[in-house]
Amino acid sequence: MRRPLSFLSPSYAQKLTLLATVPLIAAVAAIAMIVALQARALAEREITTLETQLIEAKKAELHNYVTQARNGFYFVYGRAAPDDDAAKAQVTQILSAMIYGDDGQFFVYDYDGNAIVSPRQTERINENWTGLTDSEGTPVVDELIRIARAGAGYHTYLWPKPSTGEEARMITYVTSFPSWQWAVGTGVFIDDVLASVANARADVEARVQRTFVYIGGITLLALLVVFATGMFINLHERRLADAKLKKLTLRVFDAQEEERGRVARELHDGISQILVGVRYALDNARRRLERGDPKAEEPLNKGITTLADAISEVRRISRDLRPGALDDLGLGPAIKTLTEEFEARTGITCTFDTVVFRNRLDNDAKIALYRIAQEALTNVERHSGATRVEIDLRGHRRGATLRIRDNGKGLTTGRSAGSSGLGLRNMQERMDQLGGTLRLIEAKGGGTTIEANVPLTHLLPPEKTEAKPTKVAAE
C-alpha cells in the first residue's frame with residue numbers, strides 16, 4: 001500500500017525538478033497560446049483584406065462589363081421610344097450575344113419579373129420569376145428589380161453555374177433602363193475567391209500547428225536538459241553528501257573513541273587506584289582487628305577518607321560527562337563551576353565575567369557553549385602553556401557571545417578551525433549546527449582568543465525561559 005502512494009511524497013530532488021519544470025511548461029504554454037492567437041488574428045486580418053480586395057476587383061470588373069455593354073447599344077436605346085419593339089428586339093439580340101468565359105452572360109428582367117435575356121439558360125426566358133429565392137432564402141429577382149429601380153447596385157446570392165449546374169455564390173451588378181422598365185446586369189461567380197480564402201485559412205492553420213510542434217519540440221528538449229541537469233546535480237550532491245556523511249561518521253567514531261579513552265584513563269588512573277588504596281586500608285584494618293591491635297582504627301579511617309575521595313572523583317567525571325549545574329542553574333553558573341575546578345586542578349588563574357540575562361538560551365545553545373568552554377580549557381591545559389585565562393559570557397541584541405582568552409603560546413601560523421585538531425573541529429561543527437560563528441584570534445604578543453557567537457534565534461522569549469522557579473536563573 002505504501003509503494004503505490006509513494007509519489008504523493010516526492011523527494012527533495014523531485015521537488016526541485018517540479019519547481020523548475022512546472023513554471024517552464026506554464027510559460028511555454030502561455031507563449032504558445034499567445035503566439036497562436038496573435039498569428040490567427042494577424043492572418044485573419046490579412047485574409048479578410050485579401051477577400052475584400054478580390055471582391056472589390058470583381059465588382060469593378062462587373063461595373064466595367066455593364067458600362068461597356070450599355071455604351072455598345074446606347075445609340076439604339078437613346079433614340080428609341082418606350083414602346084419601340086424593334087429597338088428592344090435589337091438590344092435583346094446584342095445582349096444575348098454578349099457572353100464571356102464559361103459562365104459569363106448578361107440578363108434582363110422587366111420590372112414585373114419576366115426574364116427577357118438569359119443566353120446560357122434559355123429555358124428561363126419569357127417566364128416570370130417574381131418571388132424567386134436561392135437555397136439560403138435570399139431574394140434574387142425581386143432584389144435585382146428593386147436595385148434597378150433605385151438606379152444601380154450590387155447583389156450577392158447563390159446561383160447554379162451554367163457550365164456545371166452546381167450552385168455557387170455569385171456577385172451581380174445591375175442597372176436600369178427606366179424608359180423600358182428593364183433591369184439589365186451581369187454577374188460573376190466568386191467560388192475561386194472563396195477557394196483562395198479557404199486555402200489561405202488552411203495554410204494559416206497549418207503554420208500555427210507547425211509552430212505548436214516546434215514549440216513543443218523545443219519545450220521537450222528544454223525539459224530533457226532540465227531533467228538531465230537535475231539528475232546530474234542530484235547524483236553529484238548525493239556523492240558529496242555520502243562523502244561528508246562518511247567523514248562525519250569517522251569523526252563521530254573518533255570522538256567516541258577519544259571520549260571512551262579519556263573516561264577509561266580517568267577510571268584507571270583515578271578511581272581504580274583510589275579503590276585499590278581503600279582495599280589495602282580495609283585489609284590492614286581487618287588484620288589488625290584479628291590480632292586485637294588497638295590501632296586498627298587508623299587504616300579504617302584512612303580507607304573511609306580515601307573512599308570519600310573516590311566518590312568525589314566519580315562526581316567529577318559525571319560532571320564532565322553531563323554537568324548537573326547546566327540543567328539546574330543555567331549556563332553561567334555551570335561555566336563558573338567549570339573554571340573554578342579548572343583553576344583548582346591546574347593552578348592556572350581563571351577569571352569569569354558574565355552579565356545576568358536570565359536563563360534564556362535554549363538547550364542546544366547551552367550545551368554547545370558549555371562544551372566549547374570545556375574544550376577550550378582542555379586545549380589551554382594541554383597545549384598553550386598559559387598562566388591566565390579570562391572567560392566572558394554575555395547576551396546582546398544579536399544573540400549571545402562566549403569569549404575565552406589566554407596568554408599562552410598562541411596558534412601555529414596558518415592553522416584554522418577547519419584544519420586544526422579534532423577539538424577545534426568539534427567547536428566549529430557545534431556552531432555550524434546552531435547557525436552561529438566561531439572565531440579564532442591570535443594576538444601579536446601571544447595568546448589566543450576563542451569567540452563563539454550564537455544567533456538571536458536561540459534566545460527564548462521571557463515567557464518561555466527554561467529557568468526553574470526554585471533555582472538561580474542567572475546565566
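Numbers below:
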item: Distance (nanometres) between label positions extended 7 Å along Cα→Cβ at A443 and R40; result: 8.1
item: 10 Å-binned pair-distance histogram of the range 236-298 (Cα, whole percent); result: 19, 20, 17, 14, 11, 9, 6, 3, 0
item: Unit charges on C-beta of K, R, D, E only; dipole of the chain, Debye; result: 3760
item: Within the range 201-287, trypsin sites (Lys or Arg not before Pro) in DSSP loop having at most 15 other beta-carbon neighbours inside 10 Å; result: none
item: Under the Karplus curve 6.51 cos²θ - 1.76 cosθ + 1.60, θ = phi - 60°, whole-Hz ³J(HN,Hα) for the range 336-345, x wherever Gly or Pro sits; result: 4, 4, 4, 5, 5, 5, 4, 5, 5, 7
item: Within the accessible area of the chain (1.4 Å probe), percent carbon and sulfur; result: 56
item: Potential extension, K161-Q121 segment - 0.36 nm per residue separation minus Cα distance; result: 13.4 nm
item: Cα-centred dipole magnitude for the range 142-274, charges only on beta-carbon of K, R (+1) and D, E (-1), debye, nearest 20; result: 280
item: Counted charge near L300, where neighbours are those whose Cβ lies closer than 12 Å (Asp, Glu -1; Lys, Arg +1); result: +1
item: Label-point separation in nm, Y154 to L456, each point 7 Å along Cα→Cβ; result: 7.9
item: Distance histogram in 10 Å bins (all Cα pairs of the chain, percent per bin); result: 3, 12, 13, 10, 8, 7, 6, 5, 5, 5, 7, 7, 5, 3, 2, 1, 1, 0, 0
item: Accessible-area ranking of Y214, Y111, largest first, probe 1.4 Å; result: Y214, Y111
item: Across K247/K336; K246/K444; K59/K88; K366/K409; K302/K366; K336/K409, pairs whose alpha-carbon gap is larger than 32 Å; result: K247/K336; K246/K444; K302/K366
item: DSSP beta bridges in the chain [antiparallel fraction, %, rounded to 5]; result: 90
item: Shape call, the range 421-462: gyration tensor on alpha carbons, a/c limit 1.5; result: oblate
item: Dipole of the chain, positive end: most advanced residue of I215, L329, P139 [Cβ charges, Cα centre]; result: L329
item: Charge context of V184, other residues only, Cβ under 11 angstrom, K/R +1, D/E -1; result: 0
item: Accessible area expressed per residue, the chain, with surrounding protein chains retained (probe 1.4 Å, Å²); result: 59
item: E167 long-range amide H proximity, modeled H, under 5 Å; result: K161
item: Added length on full extension, which subtracts the Cα-Cα distance from 0.36 nm per residue, F227 to T138; result: 25.9 nm
item: Extended-chain gain in nm, criterion 0.36 nm per residue less alpha-carbon gap, F75 and R315; result: 72.4 nm
item: Approximate spin-label separation L307-F212, in nm, with each point projected 7 Å along Cα-to-Cβ; result: 9.5
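The values are calculated or read from the model by the stated rules, or taken from the named source; none is laboratory data. Computed from a predicted structure; not experimentally measured. Cβ coordinates were reconstructed from backbone atoms using ideal geometry, including for glycine residues, and neighbour counts include every protein chain displayed. Please note that ligands, DNA and RNA were not included when accessible areas were found on the heavy atoms of the full protein model with its side chains. Shrake-Rupley method; radii C 1.70, N 1.55, O 1.52, S 1.80 Å.
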